[in-house]
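First the structure, in the form of structure tokens, and then the observations on it.
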Amino acid sequence: MRYDVVVIGGGMSGMTAAIRAASGMRSRGKTPHILLLEKNKKLGKKLYATGNGKCNLANRNLDLSCYESENEFFPYKIMTVNSCNEVEAFFRQLGVMLRDDHGYLYPMSMQASSIVWALSDRIRAEKIELHLSEKAESVKIQDGLYRVYTDQGSYETVNLILACGGAAAPKLGGSLSGYRLAESLGHTVIQPLPGLCKLKTKEDCELLNGVRTGAEAALYIDDKLYMTERGELQFTAEGLSGIMIFNLSVPAAVYLKQNENVSVVVDFLPDLTEPAIISYLESFQSDNPDRTVLACLNGLLHEKISQYISKRMNISGKYTGELDKHTFYEIAKRMKRCIFPVISSGSFEEAQVACKGIDTMQINPDTMESRIQPNLFLTGEMLDVTGKCGGYNLMWAVITGIKAGNGIHI
């Protein structure tokens, strides 16, 4: 059987693209013949893990720092201030109300299952043919049509949508297979790297393992400030974690691959200046000269962070009365600029997304159609576009899926 559209990938962008392609054809008075191929046993497997199961779908706060791509402005030819409204309208049509939590959009139920069920039900309602547990292995172009070969058969189609996802989270289906399909059709793939993951540091962080604290973190590349994030910092035995570190991890992974010197500088007290910290230390010394350095630092910092700084400065066993003004300056400096050289990012198993991917110079941003092969569309995480934490990647998946579904040629 010849299909109008074959979609490879049953994640957010693939399901969205299939639904929009079907509804668009029906609106033009045509009966859609669409096949959706998914290698997992069920649709949207990765969606259940997003946002700790709450499924942060989109974010109203959009600026040039929200997406990373080698083709710097490509994401913003697609993502606009209206993208959140498009996502909201799409899911309202599917019967899911969204809630706005300071710009972060979630299903009203705060459950990812609401999203997966709504998408799955609409796929059935649109009579989209669904093949689960079937893996696409190769694609050939024959007589102007695409022939998709799977581990169970082959299918001919006029339009092909690659929505295979990235290499992150292999236990949930992440792999390199989608990139390979794109390469076989002439597309360039910039080597995928783990993104939105922890950073492993040269410094031994065993003493800080498990600590969570508010802080500001600045990413430095060869001693030049690249970007800063503020929020909750989490420590692991190997290094740094937490949402703000995940956001820093995307450019960090890229520059580490280029053998650049990468470091994260942590400000444990972003609301205090160094003079204010020194003033506190001097007052503590005056009022409590017989108390330990740890007792002094614990008035400002988490106990384990106090121990870490004291150990690095070799003043752990001292009393505050023994410290001089120079030592106070050094303590304040380390509280405001604690340097963690980075040696690597997390693995794909630990990453939320893959950064880099298919070169977006080869994609039409209006339709997500390939500039190399006609009637070929590429969406979602496969592309060299990575969003920050906070719903940006799912919003990207939905909007690119909508554009691809609307762009098919029938």
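Could you tell me whether GLY24 is at pLDDT 95 or above, assigned to a loop (DSSP other than H, G, I, E, B) and either within 18 Å of GLY405 (Cα to Cα) or β-branched (Val, Ile, Thr) (or both)?
No.
Output the residue which, of all residues in the stretch 327-362 that are in contact (Cβ under 8 Å) with a residue 40 or more places away in the chain and polar (S, T, N, Q), is surrounded by the most Cβ atoms within 10 Å (Cβ to Cβ).
Filtering the stretch 327-362 for residues that are in contact (Cβ under 8 Å) with a residue 40 or more places away in the chain and polar (S, T, N, Q), the one surrounded by the most Cβ atoms within 10 Å (Cβ to Cβ) comes out as SER345.
List the strands (runs of 3 or more DSSP E) inside the stretch 319-399, counting only whole elements, that have at least 1 residues being of a type in the set (D, E, K, R) and under 17 Å from GLY178 (Cα atoms).
Qualifying strands (runs of 3 or more DSSP E): 353-358.
Scanning for something among the hydrophobic types (A, V, I, L, M, F, W, C), assigned to a strand (DSSP E or B) and within 22 Å of the chain's Cα centre (by Cα), does the stretch 177-189 turn up at least one residue?
yes
Kindly provide the set of residues from the stretch 333-358 that are touching a Ser or Thr at 6+ places or on another chain (Cβ under 9 Å) and closer than 25 Å to THR273 by Cβ, ordered by number.
LYS336, ILE339, PHE340 - these are the residues of the stretch 333-358 that are touching a Ser or Thr at 6+ places or on another chain (Cβ under 9 Å) and closer than 25 Å to THR273 by Cβ.
Counting only residues that are of a type in the set (S, T, N, Q) and either within 15 Å of LYS333 (Cβ to Cβ) or part of a loop (DSSP other than H, G, I, E, B) (or both), how many does the stretch 289-305 have?
The qualifying residues number 1.
Need the failing condition index for LYS198 against (1) in contact with a Gly (Cβ under 6 Å, 6 or more places away or on another chain); (2) within 20 Å of LEU43 (Cα to Cα), just the number.
(2)
Restricted to the stretch 161-173, and to residues that are assigned to a loop (DSSP other than H, G, I, E, B) and in contact with a strand residue (DSSP E or B) (Cβ under 7 Å, 6 or more places away or on another chain), which residue is nearest to SER345 (Cα to Cα)?
The residue in question is ALA168.
For the stretch 47-83, how many residues meet the condition of being of a type outside the set (A, V, I, L, M) and in a strand (DSSP E or B)?
Final tally of qualifying residues: 3.
Might you let me know whether the stretch 46-58 holds any residue that is over 30 Å from LEU248 (Cα atoms), in contact with a helix residue (DSSP H, G or I) (Cβ under 9 Å, 6 or more places away or on another chain) and either in contact (Cβ under 8 Å) with a residue 12 or more places away in the chain or surrounded by fewer than 22 Cβ atoms within 10 Å (Cβ to Cβ) (or both)?
For the stretch 46-58, residues over 30 Å from LEU248 (Cα atoms), in contact with a helix residue (DSSP H, G or I) (Cβ under 9 Å, 6 or more places away or on another chain) and either in contact (Cβ under 8 Å) with a residue 12 or more places away in the chain or surrounded by fewer than 22 Cβ atoms within 10 Å (Cβ to Cβ) (or both): absent.
Can you find, within the stretch 29-45, the residue that is nearest to ALA125 (Cα to Cα) among those that are touching a residue at least 12 places away in the same chain (Cβ under 8 Å) and surrounded by fewer than 17 Cβ atoms within 10 Å (Cβ to Cβ)?
Among those that are touching a residue at least 12 places away in the same chain (Cβ under 8 Å) and surrounded by fewer than 17 Cβ atoms within 10 Å (Cβ to Cβ), it is LYS30.
Going by the conditions given, is ALA404 closer than 19 Å to VAL139 by Cβ and in a helix (DSSP H, G or I)?
Here the answer is yes, as ALA404 does meet what is asked.
If I ask for residues that are exposed (fewer than 12 other Cβ atoms within 10 Å of the Cβ) and touching a Pro at 6+ places or on another chain (Cβ under 9 Å), which ones from the stretch 98-122 would you list?
Answer for the stretch 98-122, where residues must be exposed (fewer than 12 other Cβ atoms within 10 Å of the Cβ) and touching a Pro at 6+ places or on another chain (Cβ under 9 Å): just ARG99.
The values are calculated or read from the model by the stated rules, or taken from the named source; none is laboratory data. Everything numeric in this text was worked out from a predicted model, so none of it was measured. For neighbour counting, all protein chains shown are included, and Cβ atoms are generated from backbone atoms with ideal geometry for every residue, glycine included.
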